[in-house]
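Everything below concerns the one structure shown next.
The values are calculated or read from the model by the stated rules, or taken from the named source; none is laboratory data. Because the structure is a prediction, the values reported are computed rather than measured. Because the Cβ atoms are built from the backbone with ideal geometry, glycine has one as well, and the counts that use them run over all protein chains shown.
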């Protein structure tokens, strides 16, 4: 069997949260690009070390996939929104040597692209979140197609999910969009629902019913959210067939 590794999850988000706004470690501000470069160097070093022992290892580089637009048609604001949107590709560009090749990046370090995508991943710059019925909302299929066209690498939906009664419609939406992308030739290799367990919120420890399984009871048992469980089972064979028809071996 071929081992898979994710050296560093969400370099982009960590750089923003830890280096730009001091949301978590290392608790710095306005140093996001510096942190991003160090995380890329660390990821490259990890890949080299693993390949020295296990040459057949595969690597998943997971990043948030976002869409950012301007609230107006003013050229300066439109350009600023597009600049922000393009920044989502920096970690992958650095790993592959497209930007700052002095960091050691090279195409050989870009393997499977992990896509982390949630209902809040599209918004107006400095403004409101975009919902699916908004004319500025971009279909997920198009975002996947752009990513594959840019890097020509296999993709994996490494994180997606929603809360409460939005779980099932969100899962159906993601499956429909991924199916369209696969049939159009985009090698999406799978979908990971995250988290699989309900959890306490990051910021306020509130109960977040986002998983397939709820909190454990006094006997350690977890109740399943049956609508999502049924949907996962129903879609499994469909996607197994689709993926096998389209680049099922996950080539580099």
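Scanning the range 117-143 for residues that are in a loop (DSSP other than H, G, I, E, B) and either surrounded by 17 or more Cβ atoms within 10 Å (Cβ to Cβ) or touching a strand residue (DSSP E or B) at 6+ places or on another chain (Cβ under 7 Å) (or both) returns 117, 118, 119, 120, 121, 125, 130, 136, 137, 138. Considering the range 23-53, and only residues there that are touching a strand residue (DSSP E or B) at 6+ places or on another chain (Cβ under 9 Å) and either buried (at least 17 other Cβ atoms within 10 Å of the Cβ) or touching a residue at least 12 places away in the same chain (Cβ under 8 Å) (or both), the residue that is nearest to residue 132 (Cα to Cα) turns out to be 32. For the range 176-200, the set of residues classified as part of a helix (DSSP H, G or I) and over 23 Å from residue 111 (Cα atoms) consists of 176 only.
Residue under question is residue 203, and the condition is that it be surrounded by fewer than 18 Cβ atoms within 10 Å (Cβ to Cβ) and either part of a helix (DSSP H, G or I) or at pLDDT below 95 (or both); does it hold? Judged against the criteria, residue 203 is a match. So, residue 66, is that one within 26 Å of residue 152 (Cβ to Cβ), surrounded by 15 or more Cβ atoms within 10 Å (Cβ to Cβ), in contact with a strand residue (DSSP E or B) (Cβ under 6 Å, 6 or more places away or on another chain) and at pLDDT 95 or above or not? Here the answer is no, as residue 66 does not meet what is asked. Annotation: residue 211 fulfils all but one of (1) surrounded by 14 or more Cβ atoms within 10 Å (Cβ to Cβ); (2) without any contact (Cβ under 8 Å) to a residue 60 or more places away in the chain; (3) assigned to a helix (DSSP H, G or I); the unmet one is (3).
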